[in-house]
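These notes concern the structure reproduced below.
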Amino acid sequence: MINIILLGPPGAGKGTQASKLEETYGIKKLSTGDMLRAEISEGTPFGKKVQSIMDSGELVPDETIIEMIAGRMERDDCAKGVIFDGFPRTVPQAEALDKMLREKGQKINAVVELSVNEEELVHRLNSRVQEMKARGEDVRGDDNEDTLRNRLKVYRHQTAPIIPYYEMNELLHKVDGMAGINDVANEIQQILNQKLAA
Ligand code: ADP
């Protein structure tokens, strides 16, 4: 059983790394962003409620997210552990996750923070959006420079404060998120293998 949190600003590559970890360790990736987008594309009343919040780059209320994750973690595919991508995003979410895991006799094994250069992220997003448009693909409602800048601000103000919380518990590991995808993946694997061997 391993539970891992991937932390880092929007566009840092958490989703990509979470998918790699899912393959390597056979544990389930839970991305709150993907779960919310699935609700939107299914056109559920819940999806309609959260769409405008997401498009503005603000956060969906804690209670909503906590309830969604708690329900999802009950499913069998989470039995071997979870890679959390995009959750927790606030101190109350981090506290709720601790409580949920404690009640199951589980804990967080490692928190990996992908550190990035914000200007480089804005540049990456702009190029990615241009490429997608050129291919005629749909671009996410929150994938534009203004919203990204707001998402970065929200990350600094509301999510970064959870970093000391995990540092205090000696769970936090910092990885250079601007390195190549495979280099980042290798570094995360080394950290986890050390943890698992300990
Ligand atoms: P990114 O990491 O690129 O910002 P996500 O897919 O993780 O994108 O999230 C997109 C949006 O979904 C966020 O800007 C926010 O509105 C909402 N969201 C996702 N996860 C959470 C969460 N844990 N708490 C609150 N809002 C969330």
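Of the set (1) small (Gly, Ala, Ser); (2) modelled with pLDDT of 95 or more; (3) more than 10 Å from the ligand (Cβ to nearest atom), all apply to SER31 but (3). Criterion applied to ALA134, ALA110 was being small (Gly, Ala, Ser), more than 13 Å from the ligand (Cβ to nearest atom) and open to solvent by 80 Å² or more (accessible area, probe 1.4 Å), and the one residue passing it is ALA134. If only residues of the range 37-68 that are surrounded by 17 or more Cβ atoms within 10 Å (Cβ to Cβ), over 21 Å from GLU95 (Cα atoms) and within 8 Å of the ligand (Cβ to nearest atom) are counted, the one that is modelled with the lowest pLDDT is GLY57. Selection of first residues in the range 74-96 that are within 18 Å of LEU152 (Cα to Cα) and of second residues that are open to solvent by 70 Å² or more (accessible area, probe 1.4 Å), restricted to Cβ pairs under 6 Å at least 6 apart or on distinct chains, gives the following pairs, ordered by first then second residue: THR90/GLN158. Mind checking whether some residue in the range 142-157 is away from the ligand (no atom under 16 Å from the Cβ), assigned to a helix (DSSP H, G or I), open to solvent by 30 Å² or more (accessible area, probe 1.4 Å) and out of contact with any Ser or Thr (no Cβ under 9 Å at 6 or more places or on another chain)? Checking the range 142-157: not a single residue is away from the ligand (no atom under 16 Å from the Cβ), assigned to a helix (DSSP H, G or I), open to solvent by 30 Å² or more (accessible area, probe 1.4 Å) and out of contact with any Ser or Thr (no Cβ under 9 Å at 6 or more places or on another chain). Note on the range 69-86: residues that are part of a helix (DSSP H, G or I) and either of a type in the set (Asp, Glu) or within 10 Å of the ligand (Cβ to nearest atom) (or both) amount to 3.
This table checks each residue for (1) among the hydrophobic types (A, V, I, L, M, F, W, C); (2) outside any helix (DSSP H, G or I).
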position	(1), (2)
GLN17	no, no
GLU23	no, no
LEU36	yes, no
ILE40	yes, no
PHE46	yes, no
LYS49	no, no
LEU59	yes, yes
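Kindly establish whether VAL139 is of a type outside the set (Lys, Arg) and in contact with a Leu (Cβ under 6 Å, 6 or more places away or on another chain). Criteria not met by VAL139.
With respect to the conditions (1) more than 12 Å from the ligand (Cβ to nearest atom); (2) open to solvent by less than 20 Å² (accessible area, probe 1.4 Å), TYR25 falls short on a single one, namely (2).
For the range 104-124, check the following and say yes or no: at least one residue is in a helix (DSSP H, G or I), among the acidic types (Asp, Glu) and under 22 Å from ASP34 (Cα atoms).
Step one: list which residues in the range 104-124 are in a helix (DSSP H, G or I), which gives 118-124.
Cutting the leftovers down to among the acidic types (Asp, Glu) gives us 118-120.
Right, trim to under 22 Å from ASP34 (Cα atoms) and you get none.
Within the range 104-124 (the criterion being in a helix (DSSP H, G or I), among the acidic types (Asp, Glu) and under 22 Å from ASP34 (Cα atoms)), the answer is no, since none of the residues qualifies.
Residues in the range 150-157: is at least one touching a strand residue (DSSP E or B) at 6+ places or on another chain (Cβ under 9 Å) and of a type in the set (D, E, K, R)? No, every residue in the range 150-157 fails to be touching a strand residue (DSSP E or B) at 6+ places or on another chain (Cβ under 9 Å) and of a type in the set (D, E, K, R).
Could you tell me how many of the residues in the range 69-92 are aliphatic (A, V, I, L, M) and surrounded by 19 or more Cβ atoms within 10 Å (Cβ to Cβ)? Going through the range 69-92 one residue at a time, the tally reaches 4. Candidates in the range 88-97 are the residues that are closer than 11 Å to ILE5 by Cβ and not in a loop (DSSP other than H, G, I, E, B); of these, the one that is nearest to the ligand (Cβ to nearest atom) is GLN93.
The values are calculated or read from the model by the stated rules, or taken from the named source; none is laboratory data. These figures come from a predicted structure and were not determined experimentally. FYI the Cβ positions are ideal-geometry reconstructions off the backbone, even for glycines, and counts take in every protein chain you see. Heavy atoms of the whole protein, side chains included, go into the accessibility calculation; ligands, DNA and RNA do not. Shrake-Rupley method; radii C 1.70, N 1.55, O 1.52, S 1.80 Å.
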